[in-house]
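Everything below concerns the one structure shown next.
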Amino acid sequence: MRLISVVTLSLLISGQCSALAAPLGEIMPLMEAPRDGGRLKIGLVLSGGGARGAAHVGVLKILEQHHIPIDAIAGTSMGAVVGGLYASGMAANEIERVLNSAEWRAAFKEPGPRDSLSFRRKTEDQKFLVDLPLGLNSGNFRLPKGIFSGQRIAQLLRQLTLPVAQVLDFDALPTRFRAVATDLETGEAVVLGSGDLTTVMRASFSAPGVFAPVQIENRVLVDGGLTNNLPVDVARAMGVDLLIVVDVGFPLRTRTSLDSVTSISNQMLAILVRRGSDEQRNSLSEHDILLSPALGEASSFDFKVIGRAIPLGERAALDSLVRLINLSIRPDDYIKYLAQRTELRAGADSSNRPVNELIIAQDSKRYERLLRLEFNNVLGKSPNAQELDQHLTNLYGSGNFESVDYKFIEVSSGYDLQLSARRNSWGPNYLRFGLNLEDDFNGQSQYNAAARFVLADINSLGAEWVWDLQIGSKPKIYSEIYFPFSESNKFFLLPQASFEMRNVPLLLGQRTIAEYRLSATEYGLDLGREFSNWGELRGGLHRAVGHTRLRLGDPVLQGAEFDVREYFARFSYDHLDNRNFPRHGQSLVMEWRGQRRALGSNEDTNVANFDWLLARSWGRDTAIFWSSFGTNFGSQYDSDSDASNVRALFSLGGFMNLSGLARDSISGQQYAIARALYYRQIGRGGEGFLELPTYAGASFEIGNVWDQRRNISFNSVRKQGSVFFGFDTLLGPVYLGSGFGEGGDAAFYLFLGRTF
């Protein structure tokens with residue numbers, strides 16, 4: 001029988017082993033070494049547990065530090081992710097860097113960074129639409145299969161495992177590997193020992209309702225924790241001599257903490273999962289080593305726990321080091337073991353074998369031209385993880401796909417790349433809703449409720465038919481058809497039509513003399529070009545017909561009808577990281593509209609708009625500079641009596657638009673406003689109030705409206721400001737603030753909806 005090593009004794013003497021106080025008689029007996037003189041084969045079992053599974057990395061770090069080799073790994077859920085990455089040849093500290101990285105945290109936020117969205121998708125969040133689409137298929141409403149599609153986590157895992165992408169037999173990985181998933185249709189546990197490693201890890205990790213299920217062959221698979229959260233039997237079947245078992249499973253809560261529907265539901269799931277885990281624990285022999293990191297009641301879904309879980313995994317391993325150390329091997333043998341583990345990755349990194357051919361998966365033929373266009377530039381080159389990931393991001397950012405993926409097929413002269421794209425299973429048509437509310441607590445309130453219906457993916461080029469309906473203070477109905485000319489979506493044609501109603505104040509100097517109700521029907525045809533996902537240039541012909549009706553004011557000021565025919569051009573640039581509370585980037589919109597007698601208008605006029613916003617952050621602090629101006633030139637409009645061109649007036653007033661004034665309380669043919677804002681994310685750990693991102697801030701605003709450009713001067717501008725609290729909610733940004741200005745201007749605000 002093997003004696004306790006000198007290393008163990010030194011640890012005991014130095015006090016570094018927590019088993020110091022344990023009598024040697026309590027140490028479990030050791031297994032006999034194989035008669036052939038070789039070492040014992042060690043299997044590692046990693047349980048499921050969501051974010052708690054980060055503790056597995058801490059255990060692996062201790063095993064590496066003490067030269068304890070692992071011959072086979074069986075994992076479930078997060079245990080399958082950590083185990084799969086380790087089996088692919090990654091070291092524990094490399095996996096630790098991944099779990100602590102911004103890329104890992106971002107993988108659980110969809111649809112992903114705003115920079116990854118197409119420009120067309122970015123324009124949607126300029127409206128006050130809730131980012132939770134509701135699918136419509138065959139006359140039935142449908143929800144997505146999970147809160148997250150899993151696309152971003154799959155992309156990250158794909159990058160990390162690219163060096164072993166061609167390995168389809170998991171016995172041929174640097175460390176043999178098995179993952180456990182659950183067949184959603186039959187409820188059976190499914191042991192996966194071959195196939196595409198990324199897809200297998202995703203399947204085992206797919207908590208029902210959180211991530212969309214994964215289809216492998218003819219099975220629909222979800223989280224393996226439902227059927228075998230601690231796969232001891234799977235690891236033992238791999239022919240190992242003893243097991244190191246790490247259980248980070250769900251803890252049972254005490255009676256006092258079972259105080260909500262959520263906590264009771266989680267307890268029910270924990271009971272079911274632990275029942276199977278207890279059976280697996282009972283099957284352990286006296287030679288197996290069980291580690292249970294002291295994670296307490298840390299949530300499986302709280303990925304902020306990762307930073308604490310890894311050290312707790314290390315602590316659990318150190319607590320059993322007096323037994324683990326007997327599994328260590330000599331330094332020179334461990335060097336050979338590490339060389340064997342890293343050989344495949346090192347060989348892949350240095351390989352110059354090219355991608356020979358693009359193969360389109362059978363269920364993705366509809367998007368063949370689009371896929372080939374996006375990935376064509378990888379042909380003839382050796383695979384590059386970052387480049388391939390960017391191609392996936394470009395396609396997924398269009399918003400029409402539930403998943404976009406690639407797989408490698410090894411051939412004699414290099415690789416073939418198999419591409420797949422599956423459109424949203426809950427679509428392709430979808431509904432989005434929005435709500436806008438503003439109340440100044442002084443009898444002035446406005447609200448708008450909106451819905452957008454999108455008939456998406458009309459053809460293989462990604463054509464869309466959009467309908468917007470808005471009711472409230474500004475009722476509106478709008479429709480457009482987006483026709484891209486090619487798979488690249490660079491040039492497009494966009495016919496459109498709308499009807500809207502809104503109130504427009506009429507000023508004489510600084511005094512409001514009337515308010516008109518404007519009703520307008522507009523239609524037109526635009527031709528445009530998108531620039532990557534950051535900008536767009538479009539132009540076209542528009543016609544607007546309608547009338548103005550006096551709503552408030554002297555009856556002498558009658559309404560008028562109008563028939564406007566004009567040219568239109570607009571350039572848009574959008575590189576903001578967030579539309580609700582920007583922290584980085586900038587946006588720019590320049591627009592021109594020109595009426596022409598040659599088109600049938602009554603006069604030649606020009607209207608120009610400019611809007612620019614720049615955001616910069618340091619830590620939790622953000623500064624924003626935001627300026628806007630607009631001008632009419634060439635118009636014969638007379639503010640004293642003429643209502644025929646009220647449509648061309650610019651309005652100011654309201655939150656962030658001269659905050660001390662009531663919303664849209666002043667208007668004119670010219671306007672200019674500049675704003676300087678500062679806000680800071682507040683709340684415990686910067687996470688916000690009630691887990692909502694929460695901000696406290698202030699603004700300083702200078703600007704005004706003028707009827708004539710010659711009247712514009714710095715002396716005539718109004719100086720206003722605001723202080724506010726902001727909350728980034730599921731319904732959109734909510735502000736509670738107070739506006740103030742010169743001359744006693746003051747207003748209070750409850751505001752829901754887009755500001756920037």
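General remarks:
- Cα-only Debye scattering, region 289-429: base-10 log of I(q)/I(0) at q = 0.17 Å⁻¹: -0.94
- Each label point was placed 7 Å from the Cα along the Cα-to-Cβ direction; for THR342 and SER627 their separation is 5.5 nm.
- J(HN,Hα) series, region 622-630, from Karplus relation 6.51 cos²θ - 1.76 cosθ + 1.60, nearest Hz, glycine and proline x: 9, 10, 10, 10, 9, 10, 8, 8, x
- Region 160-222, relative contact order in percent, only Cα pairs under 8 angstrom and at least six apart counted: 30
- Simple point charges give the picture: +1 on the Cβ of Lys and Arg, -1 on the Cβ of Asp and Glu, and for the chain a dipole about the Cα centre of about 600 debye.
- Region 168-226 versus region 570-624: alpha-carbon centroid distance in Å: 47
- Seen from ILE62, the other residues with C-beta closer than 11 Å to its C-beta sum to a net charge of -1, counting Lys and Arg as +1 and Asp and Glu as -1.
- In order along region 536-545, the phi-based Karplus estimate (6.51 cos²θ - 1.76 cosθ + 1.60, θ = phi - 60°) of 3J(HN,Hα) comes to 7, 10, 9, x, x, 10, 10, 9, 10, 10 Hz; Gly and Pro are listed as x.
- Dipole of the chain, positive direction: furthest Cα of PHE453, MET238, GLN65, with charges on the beta-carbon: PHE453
- Taking every alpha-carbon pair under 8 Å whose residues sit at least 6 apart, the chain reaches a relative contact order of 11 percent.
- If you sort GLU279, GLU188, GLU591, GLU536 by accessible surface, 1.4 Å probe, largest first, the order is GLU279, GLU188, GLU591, GLU536.
- Helix-only [θ]222 nm of the chain, DSSP H runs n ≥ 4, -39500 (n - 2.57) each, per residue, nearest 500: -6000 deg cm²/dmol
- Distance in nm between pseudo-label sites at ARG680 and SER738 (7 Å out along the Cβ direction from Cα): 1.9
- Partner lysines for LYS122 [C-alpha distance under 25 Å; skip if fewer than 8 residues away on the same chain]: LYS109, LYS145, LYS474, LYS476, LYS490
- Potential lengthening between LEU269 and GLU591 on full extension [0.36 nm per residue; Cα-Cα distance subtracted]: 110.3 nm
- For ILE216, distant residues with modelled amide H under 5 Å away: LEU221
- The DSSP beta bridges internal to the chain are antiparallel in roughly 90% of cases.
- Under 5 Å from the amide H of ASP604 lie the amide H atoms of ARG597, each residue being 5 or more positions distant or on a separate chain, with H modelled from the backbone and absent for Pro and chain starts.
- Between GLU188 and ARG330, the FRET efficiency from the beta-carbon distance, with R0 = 41 Å, is close to 0.40.
- From the Kirkwood radius over Cα pairs of the chain, Stokes-Einstein at 4 °C and 1.567 mPa s returns a whole-number translational diffusion coefficient of 43 µm²/s.
- Under 16 Å from the Cα of LYS336 - lysines, other chains or at least 8 residues apart: LYS41
- The amide H of ASN578, built 1.01 Å from its N in the peptide plane, has ARG583, HIS584 as neighbours under 5 Å, considering only residues 5 or more places off or on other chains.
- Residue-wise HN-Hα coupling along region 234-250, computed from phi with Karplus coefficients 6.51, -1.76, 1.60 (Hz; x: Gly, Pro): 5, 5, 5, 5, 8, x, 8, 8, 8, 10, 9, 10, 10, 10, 10, x, 5
The values are calculated or read from the model by the stated rules, or taken from the named source; none is laboratory data. All figures in this text were calculated on a predicted structure; none of them were measured in a lab. Glycine also receives a Cβ, built like all others from the backbone with ideal geometry; neighbour counts cover every protein chain displayed. To get the accessible areas, we keep the full protein, side chains included, count just its heavy atoms, and leave off ligands, DNA and RNA. Shrake-Rupley method; radii C 1.70, N 1.55, O 1.52, S 1.80 Å.
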